[in-house]
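J.: The structure that follows is given in the form of structure tokens.
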Amino acid sequence: RCQLVIDASSSMYYPDAVKAPSGAAQRQFNKVEFAVHAAAAFVQLLRKQRDAVGLTVFADEVRITEQARSNAAHLRHVMGHLESLLATGAPERGQKTSVVEALHDIAQRAHRRSLVVVLSDMLDSADREAEVFDALQHLRFNKHDIILFHVVDRKHELELDLQDRPYTFVDVETGQQVKAHPAEVREAYRTAMAERWHRLKLKCGQYRIDLVEADINAGFEPILLEFLTKRARLY
């Protein structure tokens, strides 16, 4: 049994669509599109093995919950949910990340041991970090095996690799704005992000959770390889 968990909060719809030089719309994968395509690949891999697949989609609350099943009608239903996520487009600002509630919900619903695959940028509010760790511990307490794919645009979100000019940074979940020059804050920003990743990595190691950085610019191969390696160890 595998439960796929997708974060569909506002921050997952970064970056916005871009235009090709010819003028035709050419969307670079944003984080939620990357997560959805990865989840669809997992569904196909699991279908070939006749494994049961479930789906949870959350933003500020749990939006979709499908228990793990393996019949063809259920798998088509799951794929339909994934297609709907791609077709919906970015939500209005204010759809905050609430990974805490989603993880607790899965821990309570999935009574039998499962492989839980979480695809999220983990951008819950900083003051809820301890609650996120408690939710991850809840899953492990119920004997679930977990892979947490930290979906991120490494170049911009972790390295702040932007042009050296003033920017107005907008929090897509709260609307808060901060004016800053990347060159002036880059070092402090990178340090803060590295420390956050280190804390997450330590907690995941403590709870025996596989943590994988899923850079949307690096392609799907790294996360598919990690998924298959984890599944091979389990079965």
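J.: Scanning for something at pLDDT 90 or above, under 25 Å from Gln28 (Cα atoms) and surrounded by 14 or more Cβ atoms within 10 Å (Cβ to Cβ), does the stretch 222-232 turn up at least one residue?
T.: No, that holds for no residue.
J.: Still on this structure, please answer the following. Test of understanding: among Leu202, Leu136, Leu115, which residue is buried (at least 20 other Cβ atoms within 10 Å of the Cβ), over 15 Å from the mean Cα position of the chain (by Cα) and not basic (Lys, Arg)?
T.: Just a single option satisfies the conditions, and that option is Leu115.
Table: residues versus (1) free of Cβ contacts under 8 Å to residues at least 24 places away in the same chain; (2) outside any helix (DSSP H, G or I).
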| site | (1), (2) |
| --- | --- |
| His156 | no, no |
| Asp164 | yes, yes |
| Gly175 | no, yes |
| Thr191 | yes, no |
| Arg199 | no, no |
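J.: Any residue at all in the stretch 17-31 that's modelled with pLDDT of 90 or more and either surrounded by 13 or more Cβ atoms within 10 Å (Cβ to Cβ) or part of a strand (DSSP E or B) (or both)?
T.: The answer is yes; a qualifying residue exists.
J.: If you take the residues of the stretch 43-78 that are open to solvent by 50 Å² or more (accessible area, probe 1.4 Å) and in a helix (DSSP H, G or I), which of them is nearest to Ser98 (Cα to Cα)?
T.: Of everything passing the filter in the stretch 43-78, His77 is nearest to Ser98 (Cα to Cα).
J.: List every residue pair whose Cβ atoms lie under 9 Å apart, where the two residues are 6 or more positions apart in sequence or sit on different chains, the first residue falls within the stretch 223-235 and is among the hydrophobic types (A, V, I, L, M, F, W, C), and the second residue, located anywhere, is open to solvent by 80 Å² or more (accessible area, probe 1.4 Å).
T.: Going by the 9 Å Cβ cut-off, there are no qualifying pairs.
J.: Among the residues of the stretch 168-187, are any of a type in the set (S, T, N, Q) and either in contact with a His (Cβ under 7 Å, 6 or more places away or on another chain) or farther than 18 Å from Ser11 by Cα (or both)?
T.: No, because not a single residue in the stretch 168-187 is of a type in the set (S, T, N, Q) and either in contact with a His (Cβ under 7 Å, 6 or more places away or on another chain) or farther than 18 Å from Ser11 by Cα (or both).
J.: Quick one: is Val172 open to solvent by less than 70 Å² (accessible area, probe 1.4 Å) and modelled with pLDDT of 90 or more?
T.: no
J.: Check whether at least one residue in the stretch 146-154 is touching a helix residue (DSSP H, G or I) at 6+ places or on another chain (Cβ under 6 Å), over 23 Å from Asn30 (Cβ atoms), touching a residue at least 24 places away in the same chain (Cβ under 8 Å) and part of a helix (DSSP H, G or I), and report yes or no.
T.: no
The values are calculated or read from the model by the stated rules, or taken from the named source; none is laboratory data. All values derive from a computational prediction rather than experimental measurement. Using ideal geometry, Cβ is built from the backbone for each residue, glycine included, and neighbour counts are taken over all protein chains shown. Accessible surface is based on the protein model in full, side chains and every heavy atom, while ligands, DNA and RNA are left aside. Shrake-Rupley method; radii C 1.70, N 1.55, O 1.52, S 1.80 Å.
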